[in-house]
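Here is the structure we will look at, set down as structure tokens.
The values are calculated or read from the model by the stated rules, or taken from the named source; none is laboratory data. Computed from a prediction, not measured in an experiment: that's the story for all the values here. Note that we place each Cβ from the backbone using ideal geometry, even for glycine, and neighbour counts take in every protein chain shown. The area values use the complete protein model at the heavy-atom level, side chains included, leaving out ligands, DNA and RNA. Shrake-Rupley method; radii C 1.70, N 1.55, O 1.52, S 1.80 Å.
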Amino acid sequence: MRGEPWSVISSPRAAAPRFFREEVLGLPLLRGQLPRRGDPARWERKGLRFFLRAGVHCLLNGPENAALPLTETGTLYRRKAADIALLELERRGVPPETAVVGLWASHASRELEAACRALAGQVRALALELPERETMSWELQQDCGIPVFRGEGVVTLCFTPAPPGEGRLLLGERRPQAPGVTFSAPGVEPPPGCQETPLLALLGETGRLGWEQIQVQISQEEPP
């Protein structure tokens, strides 16, 4: 069972810790069900010790600052950045063909370039903030025929950690918090109590699910 991620769940019905083997698209999971009675921190420590002995290397969900790291979801958000931007424009009632979408990053990456090229055929212009941005800007203008400016857009995709701001979608953290953004994939059912976003991120990272198979939804309500 070495290397299996796991999902930890607190259940009021469990009288003692219980552990289950699960599998999603060939990805082995080890799931813990912990009691709510007594001291929750004590049960979490007990569950963590069990998973450490089992060779588990990451958590799908569970306590923060535990002995095992939580699964990173940033790659999923950045891989789907173009879709997120287009849905955010729709939520704001801004036609893509009239919109400038900003992209901020501390360095060039395949995820950044893919988002730029995916947006190039659908929005009016891009606003690219990137050290040594001239090469990518020139290539986008030559290959896609899209104007590339500096600054921010009505929506700005931040591929590097950045402070909150109007229209900014903060995708640069290990586990981004983008209000209203959720993910799903046809035929993928998370085990009971397992959060969908980290599961899909791990399925994508391990090649068990194509990034293109993951769908993005965004709430039509105004983010807080």
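Quick look at the numbers
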item	result
Subset of the range 162-174 [under 9 Å from the mean Cα position of the chain (by Cα) and surrounded by fewer than 16 Cβ atoms within 10 Å (Cβ to Cβ)]	174
Conditions (1) within 30 Å of residue 49 (Cα to Cα); (2) without any contact (Cβ under 8 Å) to a residue 40 or more places away in the chain; (3) not small (Gly, Ala, Ser): number failed by residue 161	(1)
Some residue of the range 178-196 being open to solvent by 20 Å² or more (accessible area, probe 1.4 Å), assigned to a loop (DSSP other than H, G, I, E, B), of a type outside the set (Ser, Thr, Tyr) and in contact with a Gly (Cβ under 6 Å, 6 or more places away or on another chain)	no
The listed residue being under 24 Å from residue 208 (Cβ atoms), acidic (Asp, Glu) and at pLDDT below 95, out of 64, 72	72
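Yes/no per residue for (1) of a type outside the set (Phe, Trp, Tyr); (2) surrounded by fewer than 21 Cβ atoms within 10 Å (Cβ to Cβ); (3) not in a helix (DSSP H, G or I):
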site: 72; (1), (2), (3): yes, yes, yes
site: 88; (1), (2), (3): yes, no, no
site: 103; (1), (2), (3): yes, no, yes
site: 118; (1), (2), (3): yes, yes, no
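Per-residue answers, yes or no, for (1) farther than 30 Å from residue 154 by Cα; (2) free of Cβ contacts under 8 Å to residues at least 40 places away in the same chain:
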residue: 41; (1), (2): yes, yes
residue: 51; (1), (2): yes, no
residue: 57; (1), (2): yes, no
residue: 69; (1), (2): yes, yes
residue: 73; (1), (2): no, no
